[in-house]
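The values are calculated or read from the model by the stated rules, or taken from the named source; none is laboratory data. Please read all numbers here as calculations on a predicted model, not as lab measurements. Glycine also receives a Cβ, built like all others from the backbone with ideal geometry; neighbour counts cover every protein chain displayed. The protein model used for the area step is the full one, side chains on, heavy atoms only, and it has no ligands, DNA or RNA in it. Shrake-Rupley method; radii C 1.70, N 1.55, O 1.52, S 1.80 Å.
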Amino acid sequence: HGPSSFWGQVADPVFVVAISPYASMLASRSASTPMDSAAIDSTANNAGSHEGGRMQYASKVELILTLVGYAVGLGNVWRFPYLCYTYGGGAFLVPYLCALACLGLPLFVLELGLGQMFRQGTLGVWERMGLPRLRGVGAAATVSTFLVSLYYNVVITWTIYFLGRTIGGIVSGGVLPWDDQKPGFTCPMTLLAVRNDVLEDPHLIINKTGFFNPAYSSDFWCPESGLLTRDSPIPDGYGFIDTVPSRCPASAAVSFWETEALQQSSGLDDPGGIHLGLLLSHTLAWLLVYVCIFKGVASSGKVVYVTATLPYLVLIIFFFRAITLPNALVGVKFYLEPDFALLGNAEVWLRAVMQIFFSLGIGFGSLIAFASYGDRRSDFARDAINVSMVNCGTSFFAGFVVFPVLGFLAKELSQGNPCMSSDNLEGLSRVGLSGSGLAFIAFPIAVSQMPIGWLWSLLFFLMLLCLGIDSEFAMVESIITVLDDSGVGGRLPRSMVAAVVCAVSYLLGLIFVTRSGVYWFQLFDYYSCVVSLFFVVLLECAGLMWAQKKTWPDFREQVEAWTTRRLGLGFEISWRFVCPVLLALLVCLAFKEGDLMSAGESVRYPEGAGFYPTWSIYIGWLVALLPVMAFVLFARAPKIEVDDDWEDPTCEAKEHMGFEASHAWQATAKAAAEAAAADCASCPEADGKSLRSEAEMKVPHAVSESVVVGPEDISVKVRSAADVDTASESSRAHDGEDAVAEWSREAEQGIVEPELVGKSSAVSGSEVGLAKRGPHRQCERKQTPEPDDGVPVLGFLCGAVLQRGLPPQASKRWW
């Protein structure tokens, strides 16, 4: 709002002068060149990407798209459909929605609120809350994020590899490299178990195709899981028969994945060397991440316009293609038909909770980091609800894309395998739908059987790339935010810090592009977050609700002052009781089983899925407990200073809450403040007109963003020759003349009692306070001693505290 429109909206404004982020620019202007309000508004808008020296998103849309891009990832497309496939179809939605309501949504709101209110990443936010011992929570979250970012980028690496091979197939004639019709590929011999009385029947196998005769389908025997081998125990009365089919799309896709894409070794203890194709893809993946984040939110905020929206376009295209495929309705029926008997299984509920955490990205610190770059007046609770609904709605919609494709796949595979049924999807578990299998085996099989398969392959892997890249750079961005806020990078520019983080991650990630890389991927996937996510958010709830009595009331009042939203009893009960109890239970359940990957039963590839030595269990738990170790280390370590260009809008007099005081501590502010104080050695008693003239004489062109403190207390602060502030709900610039003019009109109308006197604030040991006492004002000066160690304190004024490096005694008074 401009100056005139704003004052009409505020009934009882309190005018507080704060140090302006434009002070140095304005001080350099000639006193004979006043700035009108339009110019001031233009300047504020152009500088809108920074608040108090902290970078901000250029618009609310960028923040929302970043949150959506971060939350909506690969798990929505492959993990959620797989969980529905495994745990009761539509019945899985019951524990999923319960987990969203009881844990996901409240914790999503909590993390957005912490970041938005305290303007720091997951490490520095605890300093701002006055709980430095809980900095370890941020350290644990950051370590978890770093571990996940290492192996999550491998999925992007695989996607880039498949994209490259798809383009290569297009160039070479349009045949996909995992298609069973590609030149040089021969279908392997297929082993079937059939009743002995038809074993020698010449009509059992169709000679032209090598497929079994559907008329004999009831005479075949199939194992409950896995593929049939000659070592498989079969019932009496059955024997083996070999056949070589003319079509084998499943075998071709599995063969490409294991022998070409992964070049899979026999086990974790067999590195086997670097896969050069994956090494190139790995390099491109980290270069893409760096390009997205090297300028912070200034670059990533633009990238999300593509990466967060393109997947929806591709999903919609795939949806219309999927529902028109043969046998698509069988897949939809399997997806929606619930099996409520499985709801009595505790594992179903645990998987639902895990999916909510991974899908929304809770506990990684990324949500806190992103919210710290957003508009402080944004209704973060509403944003959290909207993003959560978009995220969960995307997962549900993705099911209508995936399951029709699986129905089509079941029909195609049932023609050559009697253990597959076109009327049921259960047989597809033999193909491999868990984890990466759905994205890199099942879907490639389906698209290879579609007309113009290369086009659908291109669209599918492009969608996966977009889904993966924005989640990946979101995690890396949160790591850089913590390093930046804690000053670890020193004077290095942000682009250089980003380069260092990406380079270190690239080097550590080389283990995933060896021939044993898929085993390391599985190890990190199973262990890296088994404890840390629940541990981190448990301590976030405890820190806010239980660590200090005043932390929660202050936070609640601060939220209401900035966003006008009152955090009601529901949030308090959830964060104080419901979430901590459930999270503590989940932390305990995390230690229920030691061998998460069943290493003791593993068999070397190709006879089995791959071998995990016993020591892999210890490595896994070391990875799992690294975040907890980081928590302990940082809780006991010396204080790490965070960037303290910040104001806490909570006044010691709790009846006052403040909107933001924009500030930039300029090198000339101290000298200007001392000069202003010297000029006001004896300020005469003056009416509103004289006071206005005084302000015009001292600071004719000063503007700044402002603080609204409350209806009971109105004061004007003069802190430097470049600093007169006015109250502005929208933090837009206003000049000192309008502030004093409005102040004068209110005083003459007798709105405020004569006894009300505005509080005052110190700037480098000297201060000019202009206090309101009814229709007349008195300009008075107070002397406030500097802290013992001489650190300049920007001070506080009814909820707006500006500080830099407070000494211990001042910190004690602060909190």
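Quick one: which residue in L163, L204 is farther than 22 Å from G468 by Cβ and hydrophobic (A, V, I, L, M, F, W, C)?
It is L204.
Given the options V513, V482, V500, name the one that is of a type in the set (V, I, T) and out of contact with any helix residue (DSSP H, G or I) (no Cβ under 7 Å at 6 or more places or on another chain).
Of V513, V482, V500, the one residue that is of a type in the set (V, I, T) and out of contact with any helix residue (DSSP H, G or I) (no Cβ under 7 Å at 6 or more places or on another chain) is V500.
How many of the residues in segment 192-240 are closer than 23 Å to G608 by Cα, open to solvent by 30 Å² or more (accessible area, probe 1.4 Å) and part of a strand (DSSP E or B)?
Residues in segment 192-240 being closer than 23 Å to G608 by Cα, open to solvent by 30 Å² or more (accessible area, probe 1.4 Å) and part of a strand (DSSP E or B): 2 in total.
Determine whether L622 is under 25 Å from the mean Cα position of the chain (by Cα), crowded, with 19+ Cβ neighbours inside 10 Å and in a helix (DSSP H, G or I).
No.
Go through segment 265-300 and give me each residue that's outside any loop (DSSP other than H, G, I, E, B) and among the polar types (S, T, N, Q).
S281, T283, S299, S300
Filter segment 495-514 down to residues that are within 23 Å of T614 (Cα to Cα) and out of contact with any strand residue (DSSP E or B) (no Cβ under 8 Å at 6 or more places or on another chain) and give me whichever is surrounded by the fewest Cβ atoms within 10 Å (Cβ to Cβ).
If we take residues in segment 495-514 being within 23 Å of T614 (Cα to Cα) and out of contact with any strand residue (DSSP E or B) (no Cβ under 8 Å at 6 or more places or on another chain), then L508 is surrounded by the fewest Cβ atoms within 10 Å (Cβ to Cβ).
For segment 546-572, what are the residues that are in a helix (DSSP H, G or I) and within 25 Å of the chain's Cα centre (by Cα)? Don't jump to the end; show me each part of the working.
So the first thing to find is which residues in segment 546-572 are in a helix (DSSP H, G or I), and the list is 551-563, 569-572.
The answer is T551, W552, F555, R556, Q558, V559, E560, W562, T563, G570, F571, E572.
Going residue by residue through segment 459-471, is there one that turns out to be free of Cβ contacts under 8 Å to residues at least 24 places away in the same chain and open to solvent by 10 Å² or more (accessible area, probe 1.4 Å)?
Scanning segment 459-471, I find no residue that is free of Cβ contacts under 8 Å to residues at least 24 places away in the same chain and open to solvent by 10 Å² or more (accessible area, probe 1.4 Å), so the answer is no.
Would you please name the residue that is nearest to T122 (Cα to Cα), looking only at residues in segment 499-545 that are of a type in the set (S, T, Y) and in a helix (DSSP H, G or I)?
S532
State whether one or more residues within segment 47-54 are modelled with pLDDT under 50 and either closer than 30 Å to F440 by Cβ or among the aliphatic types (A, V, I, L, M) (or both).
Checked against the condition, which is being modelled with pLDDT under 50 and either closer than 30 Å to F440 by Cβ or among the aliphatic types (A, V, I, L, M) (or both), segment 47-54 yields at least one hit.
Residue by residue through segment 533-580, note down the ones that are open to solvent by 20 Å² or more (accessible area, probe 1.4 Å), over 17 Å from G363 (Cβ atoms) and β-branched (V, I, T).
Passing the criteria: T564, I573.
Please indicate, with yes or no, whether at least one residue in segment 455-464 is over 25 Å from V289 (Cβ atoms) and not basic (K, R).
Yes; the residues of segment 455-464 include at least one that is over 25 Å from V289 (Cβ atoms) and not basic (K, R).
Do we find a residue being open to solvent by 10 Å² or more (accessible area, probe 1.4 Å), of a type in the set (D, E) and assigned to a helix (DSSP H, G or I) anywhere in segment 347-354?
Looking through segment 347-354, at least one residue is open to solvent by 10 Å² or more (accessible area, probe 1.4 Å), of a type in the set (D, E) and assigned to a helix (DSSP H, G or I).
Please pick out the residue among G136, G113, G164 that is of a type outside the set (A, V, I, L, M, F, W, C) and either assigned to a loop (DSSP other than H, G, I, E, B) or modelled with pLDDT under 95 (or both).
G136
Return the residue satisfying two criteria in turn: it lies in segment 361-390 and is in a helix (DSSP H, G or I) and of a type in the set (S, T, Y), and of such residues it is nearest to T66 (Cα to Cα). Break it down into steps so the answer makes sense when it comes.
We begin by selecting, within segment 361-390, every residue in a helix (DSSP H, G or I); these are 366-372, 380-390.
Subsequent filtering for residues that are of a type in the set (S, T, Y) retains 366, 372, 388.
Working: S366: 10, S372: 13, S388: 13 Å.
So, considering only residues that are in a helix (DSSP H, G or I) and of a type in the set (S, T, Y), the one nearest to T66 (Cα to Cα) is S366.
Among the residues that make up segment 466-475, is at least one of them modelled with pLDDT under 90 and in a loop (DSSP other than H, G, I, E, B)?
no
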